[in-house]
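Asks: A single structure is presented below for examination.
The values are calculated or read from the model by the stated rules, or taken from the named source; none is laboratory data. Every value quoted in this text rests on a predicted model; they were computed, and no experiment measured them. As a convention, Cβ positions derive from the backbone with ideal geometry for all residues, glycine included, and neighbour counts pool all protein chains shown. Areas reflect the complete protein model, heavy atoms only, side chains present, ligands, DNA and RNA absent. Shrake-Rupley method; radii C 1.70, N 1.55, O 1.52, S 1.80 Å.
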Amino acid sequence: METLSAAQVRRIALAAQGFADPRPAGSVDVRHLRRVLGRIGQLQLDSVNVLMRAHYLPLYSRLGPYSRALLDRVAYRPPRELFEYWGHAASLLPVSLQPALRWRMARDHSWGAITRISRSRPDLVRWVLDEVRTKGPVTAADIEDDVPVRRDQWGWNWTEVKTVLEWLFWRGEVLTATRDGTWARVYDVPERVLPRAVLDAPTPTPAEAQRTLVATAAGALGVAADKDIADYFRLSLTAARPAIADLVAAGELRKVAVEGWTQPGYLHADARLPRRIAGAALVSPFDPLVWERARTERVFGFRYRIEIYVPAPQRVYGYYVLPFLMGDRLVGRVDLKADRQAGVLRVPAAWVEPAPARDRGHPTPGEVAEALAVELRRLAGWLGLTDVAPPDAGDLADDLKRCLAGVP
C-alpha cells in the first residue's frame, strides 16, 4: 500500500480545495466562481454576520476580492446554478446535485418538532403549500397574517407557519427563491426555482445518490479517511462505506497509508500533488477545508474549535476566529469583527501557531505577522472598510501591530 507523508497530504488536500490555483490577475468573473465551486461542491450558510455571511468567505479565501453580486447572481437569479438545501449543513449546492439529494428529501427531518407538526396538522401543511404556490415567492411573515383562525379562537401563529415551511423545504416541496434584506428565506415552489432539466432528471436510488455524494466529497477532499468523506454531506458511515468500496473497485479511489494516521486514507484518482502551495489566506470557520475538526487536526496539526456559543470568559481565542493559512500550513488564528459603523476591521485577538518539532519550513512569528497584515488590509478593502485596528490581545498582537503600521 502506498504511503503518503504528512506534507504530501497537506498539499493534496489544499489543491483539492482550490488553494493551489493562482488567484486571478484581473477582475474575478463567473468562470472563476465556477472553478472554485466545482472543486469544493458546496458553500455552507450561516446567519452570523459579525464579519461577513459565511457563504461569501470561501470564495474570497481562494480568489481574493470579488464582487459578492456574482455569487448572488448564480445562487438566486435564473438561470441559477446553485440552490439552497441541506448538504454538509444548510448550504448552497450545485443544482446538478438536486437529484442526488432526493432520498434525503423523502425522509423525516431529524428535528422532531418539524416532523410532528407535519403529521399532526396536515391541514396546515396543505394550506401553507397552497399559499406558496399561489402567492410565491413569499417569506413566512408574508403569509402568517393570512393564516385562518379556528372558531374556538385558537390561531396558528408565525412559529407554526415557519415550522411547516421548513418541513416543506426539507422535503423539497418548497425551495429558497432568494433572501430578503433581513436574510430571511423567501420561499417558492421548485418549478419556479430550479431549471426544468433538473426537475425532469430521473431520481437515482438512494445507493446511487449516496455514491454520487461520496464521489463529490472524495474529490473535494483529495485524500481523506472514511469519516471525513461521510461528514462532507453528513452521510452515515453505514451509507458511505459501501459507496467508498464501489469507488475503490472502480479505480476512482485508492486506499493509502498516511503518516501519523491510525486509519487508512482514500486518495482520489484526480487528486493533484503540487510541489508547493504558495500564498496566504484567511479561512472562514465555515470553510470546507476545516469543517471536520478531527481531520483539520490530523492534516494540519491544528486544533480548532469555534467559540461563538462559548461564554465570553471561557473563550480561549475569541468569538469569530479565522485560521490563517500560509503555504501549506495553518500558522495562526485571528479574531475578527467588521465595525461597519466606524468603517474599521477590528482585531480583538491574534495568535501564532507554535511550529511543530523538526518542521524547518514553518514561518517565524514575524513572517506570519507580516503576511497577515497584508491579508487583513486586503480583507478590509473587500468589506468596504477603511482601516484595520491594532489587535487588542494574543501572542501575535505586538508583531502584527508593528506590521500593520507598515502596510498602507
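Asks: Find how many whole Å separate the alpha carbon centroid of region 79-102 from the alpha carbon centroid of region 181-201.
Replies: 10
Asks: Now, a different point. Ile40: net charge of surrounding residues, Cβ under 11 Å, Lys/Arg +1, Asp/Glu -1, itself excluded?
Replies: +2
Asks: Could I ask something else about it? Can you find, among His32, Pro288, Tyr66, the residue farthest towards the positive end of the dipole of the chain? Put +1 on the C-beta of Lys and Arg, -1 on that of Asp and Glu.
Replies: His32
Asks: Of Phe300, Pro363, Leu330, whose Cα points farthest to the positive end of the dipole of region 224-367 (charges on the beta-carbon: +1 Lys, Arg; -1 Asp, Glu; origin at the Cα centre)?
Replies: Pro363
Asks: How large is the helix-only mean residue ellipticity at 222 nm for the chain, computed as the sum of -39500 (n - 2.57) over DSSP H runs with n ≥ 4, divided by its residue count, in deg cm²/dmol to the nearest 500?
Replies: -11500 deg cm²/dmol
Asks: Assigning unit charges at the beta carbon (Lys, Arg +1; Asp, Glu -1) and nothing else, what dipole magnitude in debye, to the nearest 20, does region 271-353 show about its Cα centre?
Replies: Computed about the Cα centre, the dipole is about 200 debye.
Asks: Using a 1.4 angstrom probe on the protein heavy atoms only, could you order Glu81, Glu191, Glu375 from most to least accessible area?
Replies: Glu191, Glu81, Glu375
Asks: Rounding to the nearest 20 debye, state how big the charge dipole of the chain is about its Cα centre with +1 on each Lys and Arg Cβ and -1 on each Asp and Glu Cβ.
Replies: Dipole of the chain, to the nearest 20 debye: 580 debye.
Asks: In whole angstrom, note down how far apart the Cα centers of region 263-298 and region 331-408 are.
Replies: With region 263-298 and region 331-408 each reduced to a Cα centre, they are spaced 22 Å.
Asks: Can I ask one more? Using a simple spin-label model with points 7 Å from Cα along the Cα→Cβ vector, what separation in nm is obtained for Asp123 and Glu259?
Replies: Distance between label points: 6.8 nm.
Asks: Still on this model: For the chain, with all protein chains present and a 1.4 Å probe, just round the carbon and sulfur fraction of the accessible area to a whole percent.
Replies: C and S fraction of accessible area: 51 percent.
Asks: While we're looking at this one, here's another question. Which longest uninterrupted range of the chain lacks any trypsin sites (Lys or Arg not before Pro) assigned by DSSP to a loop state (not H, G, I, E or B) and surrounded by at most 13 other Cβ atoms within 10 Å?
Replies: 152-271
Asks: Quick one: among Val316, Val331, Val347, which has the greatest mean-square fluctuation in a GNM of the chain with alpha-carbon springs under 10 angstrom?
Replies: Per the Cα network of the chain with a 10 Å cutoff, Val316 tops the list.
Asks: Using only the C-alpha atoms of region 1-98, find the volume of their convex hull and express it per residue in Å³.
Replies: Hull volume normalised by residue count: 139 Å³.
Asks: Here's another thing I want to ask about it. Could you give me the radius of gyration and the Dmax of region 170-313, taking only the C-alpha atoms into account and expressing both in angstrom?
Replies: Gyration radius and largest Cα-Cα distance of region 170-313: 18.7, 53 Å.
Asks: Excluding residues on the same chain fewer than 8 positions from Lys337, give the lysines whose Cα lies under 23 Å from its Cα.
Replies: Answer for Lys337, where 23 Å is the Cα cut-off: Lys401, listed by chain and number.
Asks: Once the Cα gyration tensor of the chain is diagonalised, what are the square roots of 5 times its eigenvalues, in whole Å and ordered largest first, as equivalent ellipsoid semi-axes?
Replies: After diagonalising the Cα gyration tensor, the semi-axes are 38, 28, 19 Å.
Asks: Quick test of the membrane-span-like rule: which DSSP H helices of the chain reach at least 24 Å along their long axis (C-alpha atoms) with mean Kyte hydropathy at least -1.0?
Replies: For the chain, where a helix must reach 24 Å along its axis and average at least -1.0, the hits are 365-382.
Asks: Find me the longest stretch of the chain that has none of the exposed chymotrypsin sites (Phe, Trp or Tyr not before Pro), where exposed means in a DSSP loop (not H, G, I, E or B) with at most 10 other Cβ atoms within 10 Å.
Replies: My reading of the result: 1-153 is the longest stretch.
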